[in-house]
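Note sheet for the following structure.
A short reminder: the numbers here are calculations on the coordinates, not readings from a lab. Because the structure is predicted, anything quoted here is derived from the model rather than measured. Reconstructed Cβ throughout: ideal geometry from the backbone, glycine too, with neighbour counts over all protein chains shown.
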Amino acid sequence: MRSRIRLPAVARALALSAAILALPGCDDAETWAPPSYPPASYPPASYPPAAYPPPPPPASAPSPAGFSLAPAGPRGGAGMSVLAYANAQVGHPYCWGGTGPGCFDCSGLAQKAWQQVGVQLPRSADDIPRVLPPVPLAQVQPGDILWWPGHVAIYAGDGWSVEALNARSGVIRRRAPPSRGIYRPAGVM
């Protein structure tokens, strides 16, 4: 009885295999090979590879030349105000196109945070690298904008960021993944 049940399935499989081999271009099963596709190519990056900044040196050690995670001079006030606003939004929900106060998307959060210090940012995440000047990794400071294609976050210092991530997570503070670029509004130094 078992062989009768299996026989139709085997017969169907053999018939299907024969039908496939009868298709044009399938003369000999041994000569068939899966199609090969060219390797994906991406445009060359015009920025240095991103990495987390090194941790700040102990208070007794001098800071390396040109690098500081601590806010300095007039820039410190603006960057820290931007960060303070962003931190206050942690826990708010994410909503596409949201600019607050009830919910945010990534660029809406960055735009609203920088608006608190009188700086108008582009509304779209992908417009930020077109409009703002880049910041070298060695000069990243709290409040700077971390950019990825289609996404931005606000640098919080010590390798952390504040961002409106997605509908599931909302506005969060997390370890910043390596970004594709870092930007700061011109004249805010």
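Structural remarks
- Other residues lying with their Cβ under 12 Å from the Cβ of Glu163 contribute a combined charge of +2, Lys and Arg counting +1, Asp and Glu -1.
- The stretch 72-143: Cα Rg divided by the 2.2 N^0.38 Å rule of thumb: 1.12
- With a cut-off of 15 Å between beta carbons, the residues surrounding Gly91 carry a summed charge of +2, where Lys and Arg count +1 and Asp and Glu -1.
- Net charge of the neighbourhood of Asp105, taken over other residues with C-beta under 13 Å away and scored Lys/Arg +1, Asp/Glu -1, is 0.
- Sparsely packed loop sites in the stretch 89-171 (the chymotrypsin sites (Phe, Trp or Tyr not before Pro) outside DSSP H, G, I, E and B with at most 15 other Cβ atoms within 10 Å) comprise Trp96.
- Proximity of backbone amide H atoms, modeled 1.01 Å from N, is registered between Trp148 and Arg180 at under 5 Å, excluding neighbours fewer than 5 places apart on the same chain.
- Taking label positions 7 Å along the Cα-Cβ direction at both Asn87 and Val131, the computed distance is 2.7 nm, reported to one decimal.
- The trypsin sites (Lys or Arg not before Pro) of the stretch 111-170 meeting both criteria, a DSSP state outside H, G, I, E and B (loop) and at most 14 other C-beta atoms within 10 angstrom of the site's C-beta, are Arg123, Arg168.
- Other-chain or far-sequence residues with amide H under 5 Å of Gly170's (modelled H): Tyr94, Leu165
- FRET E, pair Gln115, Trp160, Förster distance 25 Å, beta-carbon r, rounded to 0.05: 0.70
- Given charges at beta-carbon only (K, R positive; D, E negative), |dipole| of the stretch 124-189 in Debye: 160 debye
- Potential lengthening between Ala138 and Arg180 on full extension [0.36 nm per residue; Cα-Cα distance subtracted]: 13.7 nm
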